[in-house]
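Here's the structure we're looking at; comments come further down.
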Amino acid sequence: MRTYDIIKKKRDGYALTNEEIRFFIDGYVKGDIPDYQASALCMAIFYKGMNVDETTALTLAIRDSGDVLDFSKIRGVRVDKHSTGGVGDKTSLVVAPIVASLGVKVAKMSGRGLGHTGGTVDKLESIEGFKVDLDSKTFIDIVNKVGIAIVGQSASLAPADKMLYALRDVTATVDSMPLIASSIMGKKLAADDDCIVLDVKTGSGSFMKTVQESKQLASLMVDIGKKAGKKMLALITDMDIPLGYAIGNSLEVKEAIATLNGNGPRDFTEVCVALASNMLYLAGHGSEEECRKKVLSSISDGTAIKTFENMVTAQGGNAKWIQNPELFPTAKFSREVKAEKSGYINRVDAEGYGISALLLGAGRNTKEDKIDYSAGIILSKKTGDYVKEGEVLATLYTSDAQKLDSAERRFIESTFITEQKPILRPLVLDKVE
Ligand code: URA
């Protein structure tokens, strides 16, 4: 078998066999196949797609590229949640402690930022001392004791995904249905959870721009998971508008803390409550309505934020920052972005907002880039709001003043102000079971 022939076959639009897919993934992980050939195959898949059998074969090859974990020492039902990626999407930081505070175990492996979207691991690393690389015994002990631990994907878990993820991030090959489905399900199947809730984002800030594409992706992943014996459910949620008001790592952690304290933005809180309720429901904690009530009470009685604090302490983080979020360092430079005319914010290009945050230093342009944790955007106005000319739309934050001009330009180009008030769609658009 020749790597060249596999790339050519996909480039010409033919379906790859299970053996060809395994050969490629194994060779890439071993270092026999270089990044440039893997990039070429990803681009061919981006253009020519993959059928369900190929996507399933790719998922299983990714799962089998490393260790398949054993969580049998964790006491209780284990539930995980995974988002397909969005802008201002800090939901894991809120839903995971909520469900853990209600007796479900969350042994979570999270990712780093990808393209214009942020990643939970980068966000958690903005907390002083927080460790995202724990050995498996410590990880399991923390889950048993606190109910939750969140770590980065270890080098031995689905290494093929880790390598492809970083490569796709810088080669414009993220937004491909088979690549997203196999990336997410490859690593989810390598972890040992009983139930998985997927948050499939749809709209301008997500990788899937239409509800139809998002439903297709959700059904594909739900089917792959069920075939592997997992209890699966997916919500399709809106990502035409960034979630909440904060975009950027420590800014988002602070917004997540406010939400766990019951003071979060309405839209973000609503999506978190929906996801957490469905995680509890899938884990067998009652009807959806009963689960919703439990979720709301864990926020109002303080058990959710306490669980988050306990997790931060257990993972070496400074819990004082959770009790006093003003301790998070603030960026050295900031700039207010003002409306150029009066009217309603009719729509925004949420991806453009994500790129603006990335330009400020909140994300990576190359695999080696370091994150500026305090960089990002705090929105003052969102889609549907009326603004007067000169009113502040958002404040940009960065440690490098030279980044402000391009980020501001991108932000303004992504904000569409008209005389017409837009009709907003629901935040939770559909459910796939
Ligand atoms: N999240 C993932 O884990 N992988 C993708 O490809 C996209 C979002």
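Per-peptide packing, taken as the mean over residues of other Cβ atoms within 10 Å, places 286-297, 179-190 in the sequence 179-190, 286-297 from highest down.
Each of Gly118, Leu164, Val146 was placed along the dipole of the chain (beta-carbon charges, centred on the mean Cα), and the one lying farthest toward the positive end is Val146.
Remark: region 330-418 carries a charge dipole of roughly 100 debye about the Cα centre, counting +1 on each Lys and Arg Cβ and -1 on each Asp and Glu Cβ.
Annotation: amide H-H contacts under 5 Å for Arg347 (H modelled 1.01 Å from N, sequence separation of 5 or more, or interchain): Phe416.
Note on the chain: dipole from Cβ charges, positive end direction compared against Val348, Gln212, Thr366; the farthest Cα belongs to Gln212.
Figure note: Val211, Val222 ranked by solvent-accessible area, largest first, 1.4 Å probe, ligands and nucleic acids not counted: Val211, Val222.
Rolling a 1.4 angstrom probe over the protein heavy atoms with all chains in place gives the chain an accessible area of 40 Å² per residue. Counting only heavy atoms of the protein chains and using a 1.4 Å probe, Glu19 has close to 110 Å² of accessible surface.
Only Cα pairs under 8 Å and 6+ residues apart enter the sum, and on that basis the relative contact order of the chain stands at 19 percent. Rounded to the nearest 20, the Cβ-based charge dipole of region 3-49 about its Cα centre (Lys and Arg +1, Asp and Glu -1) stands at 180 debye. Amide H contacts of Asp67 (H built 1.01 Å from N, in plane; Pro and chain starts excluded): Leu157, Ala158 sit under 5 Å, all sequence-distant by 5 or more or on other chains. Of the chymotrypsin sites (Phe, Trp or Tyr not before Pro) found in region 212-306, none is in coil by DSSP with at most 14 other Cβ atoms within 10 Å of its Cβ. Of the GluC sites (Glu not before Pro) found in region 310-351, those that fall in a DSSP loop while having at most 16 other beta-carbon atoms within 10 Å are Glu340.
Subtracting the Cα-Cα distance of Ser342 and Lys8 from 0.36 nm times their residue separation leaves 114.9 nm of extension gain. Here the 3J(HN,Hα) profile of region 110-116, calculated from phi with Karplus coefficients 6.51, -1.76 and 1.60 at θ = phi - 60°, is 10, x, 9, x, 9, x, 8 Hz, Gly and Pro shown as x. Think of each Lys and Arg Cβ as +1 and each Asp and Glu Cβ as -1; about the Cα centre, that makes the dipole of the chain roughly 360 debye.
With the convex hull constructed from alpha-carbon coordinates only, region 3-49 shows a mean projected area of 2.8 nm² over all directions. The fraction of accessible area contributed by carbon and sulfur in region 160-284 is 52 percent, rounded to a whole number (1.4 Å probe; ligands and nucleic acids excluded). For the peptides 142-150, 413-421, 368-376, the ranking by mean Cβ contacts within 10 Å, running from highest to lowest, is 142-150, 368-376, 413-421.
Accessible area per residue was computed with a 1.4 Å probe on protein heavy atoms; Asp400 scores about 60 Å².
In whole percent, and with a 1.4 Å probe on the protein chains, what portion of the accessible area of region 330-418 is carbon and sulfur? Display every interim value, and only then the final one.
Values: 1900 of 4310 Å².
That share works out to 44 percent.
Given a 1.4 angstrom probe, I'd like the percentage of the accessible area of region 3-49 that is carbon and sulfur, rounded to a whole number. Intermediate results must be reported in sequence, preceding the final value.
Details: 1360 of 2590 Å².
For region 3-49, the apolar C and S fraction of the accessible surface comes to 53 percent.
Phi angles of region 11-16 translate, via the Karplus equation with coefficients 6.51, -1.76, 1.60 and θ = phi - 60°, into HN-Hα couplings of 4, 8, x, 8, 7, 8 Hz per residue; Gly and Pro are given as x.
The values are calculated or read from the model by the stated rules, or taken from the named source; none is laboratory data. If you're wondering where the values come from, they're calculated on a predicted model, not measured in any experiment. Cβ atoms come from the backbone with ideal geometry, glycine included; neighbour counts cover every protein chain shown. Areas reflect the complete protein model, heavy atoms only, side chains present, ligands, DNA and RNA absent. Shrake-Rupley method; radii C 1.70, N 1.55, O 1.52, S 1.80 Å.
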